[in-house]
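The values are calculated or read from the model by the stated rules, or taken from the named source; none is laboratory data. None of these values were measured; they are calculated from a predicted model. When we count neighbours, we look across all protein chains shown, and the Cβ atoms used for this are built from the backbone with ideal geometry, even at glycine.
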Amino acid sequence: MTRSRTISQVCLSATWLGIVAVCVSILQACGSTSIAADEDVILFPSFAVGEGASWAARVTGLIYEPVKGDQDLLMNQLKSRLQERFDLGDADLKLPGPFAARAGMFFVDNERRKQVSVTIGGVTFILGQSEPNGHFEGDITLTGARTSGEWADVRAVTGAGDSREFAGKVQFIGRRGVSVVSDIDDTIKDSNVLNKRELGLNTFFRDFRPAQGMSALYGGWAASSNVVFHYVSGSPFQLYRDLSRFADRDGFPAGSFHLRRFRLKDSSLLEFFGDPLEFKIKTIEPIMARFPERQFIFVGDSGERDAEVYATLALQSPDQVAAILIRDVGGEGLASAMKLYKALPPHIVKRSFRDPRELENFKLPDIR
């Protein structure tokens with residue numbers, strides 16, 4: 001009798017555990033289709049690879065709760081930390097400009113364990129849960145005939161009665177063609193990374209300014225057949241909205257954005273513009289792996305380690321790299337990569353330039 005009661009209790013416990021597990025799964029699924037009224041979403045421009053009517057896309061984004069509390073106090077605290085990090089003067093901190101809007105993203109509450117759903121072409125997809133830093137991503141399959149270079153709208157699914165719209169886009173990229181991987185700071189945007197004070201001012205207190213002639217150069221390339229762009233930068237993702245507006249305002253071709261994940265609560269400002277080599281290599285490698293038949297053109301500057309990053313990638317996958325083009329802004333970036341350049345095969349074009357007009361005779365690979 002005692003034995004029977006024990007077995008029954010065990011079975012009952014197991015049953016309830018199963019029910020609880022199912023309920024938890026249902027609750028998680030229900031929560032995955034809605035975004036709370038106090039939460040915002042950013043969908044970063046991404047891409048899909050394929051051909052014909054079958055495309056594999058990766059959608060990435062961020063879910064967060066906007067900053068609350070005493071914003072003036074938070075902004076003053078950040079100004080104090082920036083003053084120390086970038087050797088800014090008291091007068092610098094009082095400059096009129098975009099500081100408040102640009103700095104706000106550094107104080108948001110990143111939402112963890114959230115599942116965001118998106119719609120593309122009328123079809124809804126549930127993405128993976130967000131990480132502790134609020135970032136989420138998901139690999140999805142899209143069907144329907146598309147043209148390489150074409151863009152499709154992506155929209156986050158909001159709850160009933162929520163009229164807000166969180167929009168992004170995904171680009172369909174064919175298996176063959178030319179892919180331009182471009183740095184941002186001191187490559188297409190004047191940042192003056194080599195001068196700490198100027199870098200701090202140009203990042204937080206001044207409107208972003210384009211590097212002269214780079215928009216026209218990229219625009220000419222974009223007009224060619226099957227050329228796409230990936231913007232890979234060590235700048236923190238908190239600057240994405242301003243960087244995206246800057247690129248659009250100054251006529252740079254649309255492309256995917258890949259920025260460094262950074263949180264003030266996890267890192268000090270000493271790491272704000274840390275060594276970009278490891279980040280960029282780990283970011284560009286998967287892009288190249290997804291497009292093994294495309295030819296890559298790497299564009300960067302000599303202020304950091306772009307030449308070394310690109311040479312390292314070219315040594316790993318020489319058949320995929322057509323050219324490495326480095327904007328000469330001073331520094332030791334070019335000299336440090338010369339030994340690596342000597343080991344690269346001769347078919348890879350290696351050029352430095354001060355004015356983009358020096359590249360007028362540079363020809364894109366002829367990919368058909």
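Close Cβ contacts (under 6 Å, 6 or more residues apart or on different chains) running from residues in the stretch 221-232 that are crowded, with 21+ Cβ neighbours inside 10 Å to residues that are part of a loop (DSSP other than H, G, I, E, B) comprise 229/253; 229/255; 230/255; 231/184; 231/255. The requirement of being within 16 Å of residue 233 (Cα to Cα), of a type in the set (Gly, Ala, Ser) and at pLDDT 90 or above is satisfied by residue 302. Every listed requirement among (1) small (Gly, Ala, Ser); (2) in contact with a strand residue (DSSP E or B) (Cβ under 6 Å, 6 or more places away or on another chain); (3) without any contact (Cβ under 8 Å) to a residue 40 or more places away in the chain is met by residue 163 save one, (2). Residues in the stretch 322-334 include none that are farther than 14 Å from residue 186 by Cβ, buried (at least 17 other Cβ atoms within 10 Å of the Cβ), of a type outside the set (A, V, I, L, M, F, W, C) and in contact with a helix residue (DSSP H, G or I) (Cβ under 7 Å, 6 or more places away or on another chain).
In the stretch 24-32 there is at least one residue that is surrounded by 15 or more Cβ atoms within 10 Å (Cβ to Cβ) and either at pLDDT below 75 or in contact with a strand residue (DSSP E or B) (Cβ under 7 Å, 6 or more places away or on another chain) (or both).
Here is the figure for the stretch 307-322: residues that are part of a helix (DSSP H, G or I), of a type outside the set (Val, Ile, Thr) and out of contact with any Gly (no Cβ under 8 Å at 6 or more places or on another chain) total 8.
Is it true that residue 171 is of a type outside the set (D, E, K, R) and under 25 Å from residue 296 (Cα atoms)?
The answer is yes for residue 171.
Contact annotation: residue pairs with Cβ atoms under 7 Å, 6 or more positions apart or on different chains, pairing a residue in the stretch 196-218 that is basic (Lys, Arg) with a partner that is assigned to a helix (DSSP H, G or I), are 196/86; 197/86. Among the numbered conditions (1) buried (at least 19 other Cβ atoms within 10 Å of the Cβ); (2) farther than 20 Å from residue 153 by Cα, the only one that residue 84 does not meet is (1). Which ones in the stretch 56-102 are in contact with a Lys or Arg (Cβ under 6 Å, 6 or more places away or on another chain) and in a strand (DSSP E or B)? Selection gives 63 alone.
Taking the residues in the stretch 63-81 that are modelled with pLDDT of 90 or more and crowded, with 17+ Cβ neighbours inside 10 Å as candidates, determine which candidate is farthest from residue 132 (Cα to Cα). Out of the qualifying residues, it is 79. So, residue 155, is that one surrounded by fewer than 15 Cβ atoms within 10 Å (Cβ to Cβ), at pLDDT 95 or above and of a type in the set (Lys, Arg) or not? Considered against the rule, which asks whether it is surrounded by fewer than 15 Cβ atoms within 10 Å (Cβ to Cβ), at pLDDT 95 or above and of a type in the set (Lys, Arg), residue 155 comes out as no. The lone criterion from (1) over 23 Å from residue 114 (Cα atoms); (2) at pLDDT 85 or above; (3) outside the structural domain of residue 120 (by TED's automatic domain parsing); (4) of a type in the set (Val, Ile, Thr) left unmet by residue 49 is number (3).
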